Amino acid sequence: MAEQQAGDTRRRLVDAGLEMLEQGGPEGLKARALSAAAGASTMAVYTHFGGMAGLYEALTLEAFVRFDRRLAQAPVTDDPVADIFTLGLAYRDYALAHPQRYRLMFGATAPGAGTPVGHDLTAEGTPALRPEVNAPFDRLSERVRRAMAAGRMRRGDPVAAAGQVWSMVHGYVLLEITGWFGYEGRGVFDVLAPHAVNLVVGLGDDRAATESSLVAAAPDPAGLRTPPRPVPPARASPGRRRRNR
């Protein structure tokens, strides 16, 4: 019973922490406020995570679990290149829906913690020591292996090729969630789509076949709008101070 209660409290803290993260960024995560939101004691963060650094790591790992859950929804068809594109769109969809969470996952805003990496992808084949972090990349690697087996990419190191795809999508998404490509989704068509085609062609596919796979993967363009960033509340202008004479 005690273990179950402890697990329930920990789960509530993680759920509340992810919600607070999205609302106010990492700076808005405070132990006292989080404990109150989770209906726990003020010491709960230290009891269950050892402090804020442990909390950030727990939030990061849970964010990766939910990220992988979203990627698992991307369909698998008989067109392995289209499947790579749909996985990339699912990747983008998660990042746009949870920008603060995404930044935390990849260390862009991670005070005191960040992603528990621990591996050199190019040397060890996986990006991290933790399976929660490796699972999303493994999905991409498997789709690249299928494309190579089908003759749609040159045979080679699927991990390195997957790393190229990952770098492309990750770089684009980081720019998009900060507004560099506007909020109408045009960046997907003007930047990401041609970049993706050029990369896959560079990896050995026929350009016409790649473009056909892209069309098969592309959803309704109306669904590619970028959610606008929330407007922060206006700060009151400080009153003018009278200078002492």
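Points worth noting:
- Against the criterion of being basic (Lys, Arg) and outside any helix (DSSP H, G or I), Arg146 does not qualify.
- Arg143 being basic (Lys, Arg), crowded, with 21+ Cβ neighbours inside 10 Å and at pLDDT 95 or above: yes
- Arg92 passes every criterion in (1) over 23 Å from Gly24 (Cα atoms); (2) buried (at least 19 other Cβ atoms within 10 Å of the Cβ); (3) within 19 Å of the chain's Cα centre (by Cα) apart from (1).
- Ala74 being assigned by TED's automatic domain parsing to the domain that holds Gly202 and in a loop (DSSP other than H, G, I, E, B): yes
- Residue pairs whose Cβ atoms lie under 9 Å apart, sitting 6 or more positions apart in sequence or on different chains, and linking a residue in the stretch 39-58 that is on the phi > 0 side of the Ramachandran plot to a partner that is assigned to a loop (DSSP other than H, G, I, E, B), are Gly51/Gly112.
- Residue within the stretch 156-176 that is in the same structural domain as Arg69 (by TED's automatic domain parsing), farther than 26 Å from Arg66 by Cα, in a helix (DSSP H, G or I) and among the aliphatic types (A, V, I, L, M) present: no
- Ala222 part of a helix (DSSP H, G or I) and at pLDDT below 60: yes
- Lone qualifier among Ala95, Ala36 - being part of a helix (DSSP H, G or I) and outside the structural domain of Glu184 (by TED's automatic domain parsing): Ala36
- Set side by side, the residues Glu3, Glu62 differ, and just one is more than 30 Å from Glu211 (Cβ to Cβ), assigned to a helix (DSSP H, G or I), out of contact with any His (no Cβ under 9 Å at 6 or more places or on another chain) and at pLDDT 90 or above, which is Glu62.
- Residue ID - nearest to Pro80 (Cα to Cα), chosen from residues in the stretch 169-191 that are touching a helix residue (DSSP H, G or I) at 6+ places or on another chain (Cβ under 7 Å) and free of Cβ contacts under 8 Å to residues at least 40 places away in the same chain: Val191
The values are calculated or read from the model by the stated rules, or taken from the named source; none is laboratory data. Model, not experiment: these values are computed from the prediction. Note: ideal-geometry Cβ built from the backbone for every residue, glycine included; neighbour counts use all protein chains shown.
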